[in-house]
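The values are calculated or read from the model by the stated rules, or taken from the named source; none is laboratory data. Since the structure is predicted, the reported quantities are computational estimates derived from the model, not experimental observations. Glycine gets a Cβ as well: all are built from the backbone with ideal geometry, and neighbour counts include every protein chain shown.
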Amino acid sequence: MIPTSWFLVLSGLLFVLGVVAFLVKKDLLIMFLAVEVMLNAANLAFVAFARRNGVLEGQVAVFFIITVAAAEAAVGLAIILLVFRRKKTVKADDISGLRG
Amino acid sequence: MAAILFFFLSALCVGGVLGMILSRNPAYSALWLVLSFATLGALFGLLDAPFIAVVQVIIYAGAIMVLFLFVLMMIPLGQAPSPRKRRAFTVLSVLLALGLAAEIFLSLSASLAAHGAPVPEGFGGVGEIGRKLFRDFLYPFEITSLIIMAALVGAIILAKKRKHP
């Protein structure tokens, strides 16, 4: 049986990579993908802890996270589409209307 | 055997995220992430969570990423990178991420040695999860359908072309 800690280390690594992608990338869509990577890292930690403690609630939480992520993706992509229609760009640097 | 499988899958998973960060074309980024999420599904399978593994592959690697690709098709790709200098910002963000990584692994280090008890037979199967969902988590489960419905209506309203802007 694989130790739970390996999965936790992988989860931390994925989360950090998601943060890096979110900070480095300029495209709104790719930044949104980076958020999905972070959500998946959290899911991995949930499932790992569910197995370690032998309780099923962790997996149920992951189920809810995945459904909410699907809803969030639908609304977020619609907003990105709207931003593109208004501003003709999806680069985060060029959308600076609130900068003042 | 399981350890070899774990290292193979996690290398693929991390490689997929790295490919997503390094590729210039957003469509390739999304496809790299499909690989990453699919291998994550396999890792869930290694963790005695077959139901979550299947859900991950169908919903994440399937539905959500296809949604992303559809939106990518509606937005012209390969625009010229903005001329602003961002090298300093990139270095700063990588440094910040290294700090975050150090923090995470520091807090993990206490629990790295723990093993946990072996799980009972049939743990994480569809039957077990279904019983849990429809007995203990019935109200959250029903509220999820409301959330999906609201997201559906919201996405349609937002993305609809208005006649009078």
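Observations on the model:
- Of residues in region B:1-36 being among the aliphatic types (A, V, I, L, M) and over 23 Å from B:ILE58 (Cβ atoms), the one surrounded by the fewest Cβ atoms within 10 Å (Cβ to Cβ): B:MET1
- Helices (runs of 4 or more DSSP H) fully within region B:1-55 that include at least 2 residues being over 21 Å from A:GLY58 (Cα atoms) and at the interface with another protein chain (Cβ under 7 Å from one of its Cβ atoms): B:2-22, B:26-46.
- Considering each residue of region B:68-84 in turn, none proves to be on the phi < 0 side of the Ramachandran plot, among the charged types (D, E, K, R) and more than 7 Å from chain A (Cβ to nearest Cβ).
- Scanning region A:1-44 for residues that are assigned to a helix (DSSP H, G or I), of a type outside the set (Val, Ile, Thr) and more than 23 Å from B:ILE52 (Cβ to Cβ) yields A:ALA21, A:PHE22, A:LEU23, A:LEU28, A:LEU29, A:MET31.
- Selection over region A:55-68 of residues that are assigned to a helix (DSSP H, G or I), closer than 13 Å to B:PHE123 by Cα and more than 7 Å from every other protein chain (Cβ to nearest Cβ) gives a count of 2.
- Selection of first residues in region A:4-18 that are closer than 17 Å to B:PRO118 by Cα and of second residues that are among the hydrophobic types (A, V, I, L, M, F, W, C) and part of a helix (DSSP H, G or I), restricted to Cβ pairs under 7 Å at least 6 apart or on distinct chains, gives the following pairs, ordered by first then second residue: A:THR4/A:ALA48; A:TRP6/B:PHE6; A:PHE7/A:LEU44; A:PHE7/A:ALA48.
- Test: B:LEU133 is out of contact with any Gly (no Cβ under 7 Å at 6 or more places or on another chain), of a type outside the set (Ser, Thr, Tyr) and within 29 Å of A:LEU23 (Cα to Cα): no
- Residues satisfying the stated conditions in region A:45-88, i.e. among the polar types (S, T, N, Q) and without any contact (Cβ under 8 Å) to a residue 12 or more places away in the chain: A:ASN53, A:THR67
- A:ARG52 fulfils the conditions (1) at pLDDT below 90; (2) more than 7 Å from every other protein chain (Cβ to nearest Cβ); (3) surrounded by 21 or more Cβ atoms within 10 Å (Cβ to Cβ) except for a single criterion, (2).
- Whichever residue in region B:110-128 is more than 9 Å from chain A (Cβ to nearest Cβ) and in a helix (DSSP H, G or I) and, among such residues, is farthest from the chain's Cα centre (by Cα): B:ALA110
- Filter result (hydrophobic (A, V, I, L, M, F, W, C), within 21 Å of A:LEU56 (Cα to Cα) and either facing another protein chain (nearest Cβ under 10 Å) or in contact with a helix residue (DSSP H, G or I) (Cβ under 8 Å, 6 or more places away or on another chain) (or both)) within region B:129-165: B:ILE129, B:LEU133, B:PHE134, B:PHE137, B:PHE141, B:ILE143
- When A:LEU98, A:LEU39, A:LEU77 are screened for being more than 7 Å from chain B (Cβ to nearest Cβ) and closer than 20 Å to B:ILE58 by Cβ, only A:LEU39 passes.
- Index of the failed condition, B:PHE89 passing every other in (1) part of a helix (DSSP H, G or I); (2) within 22 Å of A:TRP6 (Cβ to Cβ): (2)
- Single condition B:GLY116 does not satisfy, out of (1) closer than 22 Å to A:LEU8 by Cα; (2) surrounded by 12 or more Cβ atoms within 10 Å (Cβ to Cβ); (3) at pLDDT 70 or above: (3)
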